[in-house]
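Peer 1: The structure's right below; bear with me while I get my questions together.
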Amino acid sequence: MLYNISGVRIHFYSSSITDMSLEESETVSSCELVATGQPLLTLTKKEESLEITLDAGKHTELSDDGCEVLSCCYGYPIITISKQEDVPSICVSLTPLVEVSEDAMEARLNLFPPPAKQDIPNAEMLLMVLKQQGVVCGIDRHALGAVLAKLKEDGQPQLNSLIARGKAPNDGKDASIRFEVEIGPLPGKILADGTIDFRERLMFVGVDKDQLLACKIPATQGHPGTNLAGEELQATDGNDITAKVSEETHYSEEDRTIRATAPGVLSVVGDNTIRVSSKQKINGDINFHTGNVRSNNCVEISGSVLPGFMVSAKGNVSIGGTIQSSSINSHGNIVIKGGIIGSKSKVSVQGDADIHHIEKGRLAAGGNIVIRTGGYYSFLQAGGNIHCPENVKIIGGDVVAGGSLSCGQIGSPTGEPMNIAVGVDPHRYRRYQDLQQEYHEVLQETQGWYHRHGRVQKVPGLIRELEAKMRAIEQEISTLNLVPDTPEDSLGDRMFCHTQESLTVHSCITAGNVVRIGNEIMVVEHDLGSCTFKMDKNSGEITIAPIKQR
């Protein structure tokens, strides 16, 4: 049976219809399945006392003359009737029979009980509709049959039932080093539950000659996937790494093992550099009695390094006291039980740095930095992450990290604004700052000349050279991408400008501080409580989100 509403013809069976004289809008549901392109509503000859407008909702379309609404897919119509300025408006939309996700990886089925004397769609008909919507792979015929059986048994709508799923690509795993000796925790490592491991690392692990230290796990190939349309989805192969070893270790290409060639202590730098060396132990301070220390081995110092002295080692360095206006260099990792104090203090380490605190000093690490009690008016640079317990303050100075930064407080209401950069390559960032400084100096020189001489026809060759230099600097800055592990000249290419690194503040960050994530900058306008700064993948802008309490 087809229904009529004063001037409108409805071309499908429905359970009920709303009288147009009602003031309140009302939704009328239908349990008849309509086909693609089927007319749903048609305006008939209008009564003189009544005007009607038709409107197309989701999955329907209005004819060119506005007198008919057509379905755009198989589905179940829903009519909504309302009045706008006393003119009745009838809108019809569809609940689609089959909904395919935007990425064409999932298809879901919506089924309603049919009106009396109509049959439930059979599996062949549903497969035909799936094919019309481009679903030719990944169909679960068992799930399809189960949905139909449940509809027959219960007589209730079966909505959002998953009946087809594509095969996602399986990316290969990167090569890695698996250690066969206990190397202890790695401070600053992010654990599976999102917390950070602040246990102390094992600095001097003794090993014997010919002892197996580690094995290289090779990268694996990726396996492509397939979407519902049968299109192949490319997978990425895992990245290889080079196992770097010292003279006291040997890497075998045949079985991918790393063994010690002499007894000593183990130093692990980053993910793939392994050294074995002797340990030099110094009781007390580095002072006039000991002199400067230059060692090809690991160095353990029970005391402090006094002002003006230097320690350089090719292995790990452990210092029981403080660094006082002195210089430390390590090709391994460094642990400083005390602080780094004084504007003349400079610590450089190729691996990780684990320190108690730093005040007016400089610390540059190729890996991660862990600060256990505070950082004040210092320069911090890490190739990896900078992590602090949640009660630690970092006030004043500059912070640069290739990875993420997490701490308790950033900045102070009475301190100078800070520059905090995360997700940036430290070396490129330094180049970027040098270019900015050079450009400023050249600009001042050229502007000064024009200020003294005015705009003249004959400009000296030196000024022309400076202006050409400015253009060259502008060009380099406009392409310099600061995001690590991207092509250096890829700024502007959205494929290479996103970074997942973040700044997490557990207590507060004060107004005026400048936050950089990758190539994007944000000035903090107001004091903020606990929050996380991240880069939005779609817009590329820096966003701020409150920290969810665990």
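Peer 1: Can you name the residue in segment 108-120 that is out of contact with any Leu (no Cβ under 6 Å at 6 or more places or on another chain) and touching a residue at least 40 places away in the same chain (Cβ under 8 Å) and, of all such residues, is farthest from PHE12 (Cα to Cα)?
Peer 2: Checking each candidate, the answer is LEU109.
Peer 1: Return yes when ASP489 is within 30 Å of GLN447 (Cβ to Cβ), charged (D, E, K, R) and in a loop (DSSP other than H, G, I, E, B) and no when it is not.
Peer 2: yes
Peer 1: Right, next: So which residues in segment 291-301 are closer than 18 Å to GLY332 by Cα and either under 42 Å from the mean Cα position of the chain (by Cα) or not β-branched (Val, Ile, Thr) (or both), if there are any at all?
Peer 2: Taking segment 291-301 first, the residues closer than 18 Å to GLY332 by Cα are 293-301.
Within segment 291-301, ARG294, SER295, ASN296, ASN297, CYS298, VAL299, GLU300, ILE301 qualify.
Peer 1: If you scan segment 532-547, which residues turn out to be in a strand (DSSP E or B) and in contact with a Ser or Thr (Cβ under 8 Å, 6 or more places away or on another chain)? It would help to see each step written out before you state the result.
Peer 2: Of segment 532-547, the ones in a strand (DSSP E or B) are 532-535, 542-546.
Residues satisfying the conditions are THR532, PHE533, LYS534, MET535, ILE544, ALA545, PRO546.
Peer 1: OK, next. I'd like the full set of residues that are surrounded by 14 or more Cβ atoms within 10 Å (Cβ to Cβ), out of contact with any helix residue (DSSP H, G or I) (no Cβ under 8 Å at 6 or more places or on another chain) and assigned to a helix (DSSP H, G or I), limited to segment 132-174.
Peer 2: ALA143, ALA146, VAL147, LYS150, LEU151
Peer 1: Hey, does segment 302-314 have a residue that's crowded, with 24+ Cβ neighbours inside 10 Å, touching a residue at least 60 places away in the same chain (Cβ under 8 Å) and either of a type outside the set (Asp, Glu) or in a loop (DSSP other than H, G, I, E, B) (or both)?
Peer 2: The answer is no; no qualifying residue exists.
Peer 1: Among the candidates ASP55, ASP103, which residue alone is farther than 30 Å from LEU233 by Cβ and among the acidic types (Asp, Glu)?
Peer 2: On the way: ASP103 fails: farther than 30 Å from LEU233 by Cβ.
Within the list ASP55, ASP103, the selection yields ASP55.
Peer 1: Looking only at segment 185-201, how many residues end up being surrounded by 16 or more Cβ atoms within 10 Å (Cβ to Cβ) and either part of a loop (DSSP other than H, G, I, E, B) or of a type in the set (Gly, Ala, Ser) (or both)?
Peer 2: Qualifying residue count for the region: 4.
Peer 1: LEU466 - would you say it is over 30 Å from LEU191 (Cα atoms), of a type outside the set (Ser, Thr, Tyr) and crowded, with 16+ Cβ neighbours inside 10 Å? Write out each step before concluding.
Peer 2: Values: over 30 Å from LEU191 (Cα atoms): yes; of a type outside the set (Ser, Thr, Tyr): yes; crowded, with 16+ Cβ neighbours inside 10 Å: yes.
Judged against the criteria, LEU466 is a match.
Peer 1: Could you tell me whether VAL392 is of a type in the set (A, V, I, L, M), over 27 Å from ILE509 (Cα atoms) and either in contact with an Asp or Glu (Cβ under 6 Å, 6 or more places away or on another chain) or not assigned by TED's automatic domain parsing to the domain that holds GLY339 (or both)? Working first, answer last.
Peer 2: Numbers: of a type in the set (A, V, I, L, M): yes; over 27 Å from ILE509 (Cα atoms): no; either in contact with an Asp or Glu (Cβ under 6 Å, 6 or more places away or on another chain) or not assigned by TED's automatic domain parsing to the domain that holds GLY339 (or both): yes.
In short, no.
The values are calculated or read from the model by the stated rules, or taken from the named source; none is laboratory data. Note that the structure is a prediction, hence the values are computed from the model and not measured. We place every Cβ from the backbone using ideal geometry, glycine too, and count neighbours over all the protein chains shown.
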